[in-house]
1. Quick check, is residue 210 among the basic types (Lys, Arg) and assigned to a loop (DSSP other than H, G, I, E, B)?
2. What is the number of the single condition among (1) surrounded by fewer than 19 Cβ atoms within 10 Å (Cβ to Cβ); (2) over 30 Å from residue 237 (Cα atoms) that residue 53 does not meet?
3. Just to be sure before I move on: is residue 21 assigned to a helix (DSSP H, G or I) and more than 28 Å from residue 181 (Cβ to Cβ) in the structure I sent?
4. Can you name the residue in region 295-329 that is of a type in the set (Val, Ile, Thr) and assigned to a loop (DSSP other than H, G, I, E, B) and is also modelled with the lowest pLDDT among such residues?
5. When residues of region 226-252 are filtered for being buried (at least 16 other Cβ atoms within 10 Å of the Cβ) and without any contact (Cβ under 8 Å) to a residue 60 or more places away in the chain, how many remain?
6. When residue 176 is evaluated against the numbered criteria (1) in a strand (DSSP E or B); (2) surrounded by fewer than 20 Cβ atoms within 10 Å (Cβ to Cβ), which criterion, by number, is the only one it fails?
Amino acid sequence: MKQLNGLHHVTAITSSAEKIYDFFTYVLGLRLVKKTVNQDDIHTYHLFFADDVGSAGTDMTFFDFNGSMKAVKGTNEIAKTSFRVPSDEALSYWLKRLDKYQVKHQGIKEIFGHKTLEFYDFDDQEYVLFSDEKNHGVAPGIPWHLGPVPDEFAIYGLGPIFFRVNNVPLMDKVLKDRLLFRKTQESAPFHLYETGEGGHGASVIVEERKDLPLGRQGYGGIHHVAFGVDDKDDLDAWIQILNQLGSPHSGHVDRFYFKSLYTRLYPGMLFEFATAGPGFIDDEEPYETLGEQLALPPRFRHLRDKIEGLVRHIDTKRSDKVYNKEYDV
């Protein structure tokens, strides 16, 4: 059985699709590569932010569920999403950039020998920037070339995903025995696990917190994390493993942009396995205009008029705009 390739995407919940679009586009400099709806709830936007071409392993996505309450941060939750930047110098740039845009942060710190910068959005969603200066392993993506952040400082992929748990032995068993991760470092209360080629794009950091109440999902929190596999054959193999373990799962789910499988292996956490392709450049949108129209997978296209009446219009057109690279922050 092959190990998982690494991180595929992280999906979170936001209180405002409009505000998260502005934050990710103009502050973080990530490209909106798909503006669509939640395929299980067509009343809800699903926004995909990624690198220049929407590569697997670079995207964070958001639902904006109507009536959602704010997340309660605690234990037994997927706690923080991190992103990769090229260097320590890039982190210094981001420190100034976050200050310029009045984004709350905790300053530059270090974990497992890598410099980091933790920050928060308007919902108190937790993020961390990781410097790739000493990183090896899974290759990063491609900076959004037409975005506002200079390429040499830009976010270009997902970094380690943080789990906050009250039962480290159980999570250790889940990661090593069931998901085939390997534990590579420990520095209490943090435990580092890697899969595939390893490195920031293929890592999970587990934080032990027995002192906190159980987390509760809502806006400002993470909905699920997806790990990458090559293709449907890999999903079939994982289905067999989950069946042998007696672990409930979704079976194959065709999301059109990739194929998926969902399961819960630890209380409070939803894990997804997702294929590398087909990807976001498709029959509806070429590279030049990714994310500008309301995109719908084929099985929803006959409902376009209805869906456009259910979700409010959000202007995400960028192909007619020029963003000056913001060196002076």
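The values are calculated or read from the model by the stated rules, or taken from the named source; none is laboratory data. On a predicted model such as this, the values are computed, not experimentally measured, just so you know. We place every Cβ from the backbone using ideal geometry, glycine too, and count neighbours over all the protein chains shown.
1. Against the criterion (among the basic types (Lys, Arg) and assigned to a loop (DSSP other than H, G, I, E, B)), residue 210 qualifies.
2. Checking residue 53 against (1) surrounded by fewer than 19 Cβ atoms within 10 Å (Cβ to Cβ); (2) over 30 Å from residue 237 (Cα atoms), the one that fails is (2).
3. Answer is yes for this residue.
4. 329
5. Of the residues in region 226-252, 5 are buried (at least 16 other Cβ atoms within 10 Å of the Cβ) and without any contact (Cβ under 8 Å) to a residue 60 or more places away in the chain.
6. Condition (1) is where residue 176 drops out.
Conditions (1) modelled with pLDDT of 95 or more; (2) surrounded by 14 or more Cβ atoms within 10 Å (Cβ to Cβ); (3) over 23 Å from residue 12 (Cα atoms); (4) of a type in the set (Ser, Thr, Tyr), marked per residue:
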position	(1), (2), (3), (4)
185	yes, yes, yes, no
198	yes, yes, yes, no
203	yes, yes, no, yes
207	yes, yes, no, no
219	yes, yes, no, yes
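Conditions tested, residue by residue: (1) touching a residue at least 60 places away in the same chain (Cβ under 8 Å); (2) touching a His at 6+ places or on another chain (Cβ under 9 Å).
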site	(1), (2)
105	no, no
138	yes, yes
155	yes, no
162	yes, no
166	yes, no
178	yes, no
